[in-house]
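Reviewing the structure listed below.
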Amino acid sequence: MKEVQFIRRNIEKWRNVEQAVSAASTQSPDTLADVYTDLTADLAFAQTHYPESRITEYLNDLALELHNEIYRNKKEKYSRIITYWTREVPQTMWEARRLLLVSLTVFIVTIGIGALSTFNDAEFARLILGDGYVDMTLHNIQNGNPMGVYGNDSEGSMFIDITLNNIGVSFMVFVLGIFTSVMSMVSLMYNGIMVGVFESFMYQQNHFWDAFLAINMHGVFELTAIVISGAAGLSLGNGMLFPGTYSRLRSFRMGAKRGMKIVIGTVPVFVVAGFIESFITRHTEWPDMVRLSFIIMCTAMVLFYYVYLPYKIGGRHEKQA
């Protein structure tokens, strides 16, 4: 069956499903179960014959929303806490993989922009980082401790301040999606430029390797979480800008729900990053190989949880469907 025929034959039924979702509280469980069974049959057919089509994505989202309505009032088991982080978050990351790729690309490009701008304009670092931070860093370099900024405060207070600040930045990048996806990307771009500027500035001061090791000990987690927050903002903004076959309000709600799950998934990452930055990064006297090995280990953890696990769970889910 051609895709157009498939859509024409079932479009009214799917619109009725949307209405059933909106009025789920007034529907009997048996009715919702029958609707869900019929809808998943259509979804399986679409995934088999039109795997890359937007109608398949539409049916998948509709089935997910209906599923959530059916089980909304079901008492959750304590094991949900574990499955949330081991299954639901990776599954959401898989569904948002294109948004994550866009966010990562924007972040990498803006790191390059920040680096090139610093090389071409000696005052650009002061414009982005501020005179106070630049002067403090130059003073630390003169005193033989270029990464001294990480040891100025006590570990405990530094951990709380950094963690709360990073979580705030994450949610800000997400919430800016309300004002279209562009605003989330602007915030992401600024963070990328800052990273590029600082690394280039330290390169100009002949301390690039010191900066690379110090930043990336916690930066692997921190920068990953910022990129993921950018994807959450894209989900929120795109839900409003590109409703597709949904009403704009429904599309916005779905994008917000997915984006919130994505951004909540960054909170533990920021906590870990804050702990590392406060308690570990300050030990610049550690051998380079020890710090480099730590960075490699953190990178492997990020790749496992945010790349391999979503691929494994998402791919298996699609094959089963």
What is the residue count in the range 44-86 for residues that are in contact with a Phe, Trp or Tyr (Cβ under 9 Å, 6 or more places away or on another chain), open to solvent by 40 Å² or more (accessible area, probe 1.4 Å) and modelled with pLDDT under 80? 2
Of those in the range 161-187 that are out of contact with any Gly (no Cβ under 8 Å at 6 or more places or on another chain) and β-branched (Val, Ile, Thr), the residue surrounded by the fewest Cβ atoms within 10 Å (Cβ to Cβ) is Val186
Unmet requirement for Gly144, which otherwise passes all of (1) modelled with pLDDT under 90; (2) surrounded by 15 or more Cβ atoms within 10 Å (Cβ to Cβ): (2)
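Would you call Phe221 at pLDDT 85 or above, within 28 Å of Arg87 (Cα to Cα) and buried (at least 18 other Cβ atoms within 10 Å of the Cβ)?
Judged against the criteria, Phe221 is a match.
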Is it true that some residue in the range 153-162 is farther than 30 Å from Pro268 by Cβ, outside any helix (DSSP H, G or I) and among the charged types (D, E, K, R)? no
Among Phe179, Phe174, the single one that is touching a helix residue (DSSP H, G or I) at 6+ places or on another chain (Cβ under 7 Å) and of a type in the set (Phe, Trp, Tyr) is Phe174
As an exercise: evaluate Ser181 against (1) without any contact (Cβ under 8 Å) to a residue 24 or more places away in the chain; (2) closer than 19 Å to Leu100 by Cβ and give the number of the one condition it does not meet. (1)
Selection within the range 142-159 - under 26 Å from the mean Cα position of the chain (by Cα) and without any contact (Cβ under 8 Å) to a residue 12 or more places away in the chain: none
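Going by the structure shown, is Ser22 under 17 Å from Ser251 (Cα atoms) and at pLDDT below 80? Lay out the reasoning, then the answer.
Values: under 17 Å from Ser251 (Cα atoms): yes; at pLDDT below 80: yes.
For Ser22, the condition - under 17 Å from Ser251 (Cα atoms) and at pLDDT below 80 - is met.
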Give Asn191, Asn206, Asn216 a once-over and let me know the one that is open to solvent by 50 Å² or more (accessible area, probe 1.4 Å) and either of a type in the set (S, T, N, Q) or in contact with a Pro (Cβ under 7 Å, 6 or more places away or on another chain) (or both). Asn206
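Here is a list: Val149, Val182. Which entry is out of contact with any His (no Cβ under 7 Å at 6 or more places or on another chain), of a type in the set (Val, Ile, Thr), in a helix (DSSP H, G or I) and within 19 Å of Leu241 (Cα to Cα)?
Values: Val149 fails: within 19 Å of Leu241 (Cα to Cα).
So the residue among Val149, Val182 that is out of contact with any His (no Cβ under 7 Å at 6 or more places or on another chain), of a type in the set (Val, Ile, Thr), in a helix (DSSP H, G or I) and within 19 Å of Leu241 (Cα to Cα) is Val182.
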Restricting to the range 103-129, name every residue that is in contact with a helix residue (DSSP H, G or I) (Cβ under 9 Å, 6 or more places away or on another chain), surrounded by fewer than 19 Cβ atoms within 10 Å (Cβ to Cβ) and under 16 Å from Ala231 (Cα atoms). Leu104, Ile108, Val109
Could you list all residues from the range 7-50 that are in contact with a helix residue (DSSP H, G or I) (Cβ under 8 Å, 6 or more places away or on another chain) and outside any helix (DSSP H, G or I)? Gln27, Tyr50
Given (1) at pLDDT 80 or above; (2) open to solvent by less than 40 Å² (accessible area, probe 1.4 Å); (3) aliphatic (A, V, I, L, M), Ala41 misses just (2)
Only one of (1) modelled with pLDDT under 85; (2) of a type in the set (Val, Ile, Thr); (3) buried (at least 24 other Cβ atoms within 10 Å of the Cβ) does not apply to Thr245, and that is (3)
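Quick check on Ala96: is it of a type outside the set (D, E, K, R), modelled with pLDDT of 90 or more and within 28 Å of the chain's Cα centre (by Cα)?
Numbers: of a type outside the set (D, E, K, R): yes; modelled with pLDDT of 90 or more: no; within 28 Å of the chain's Cα centre (by Cα): yes.
Criteria not met by Ala96.
The values are calculated or read from the model by the stated rules, or taken from the named source; none is laboratory data. Predicted model, so just to flag it, every value in this text is computed and none were measured. Ideal geometry is used to build each Cβ from the backbone, glycine not excepted, and the neighbour counts take in all protein chains shown. All accessible areas refer to the heavy atoms of the entire protein, side chains included, with ligands and DNA or RNA removed. Shrake-Rupley method; radii C 1.70, N 1.55, O 1.52, S 1.80 Å.
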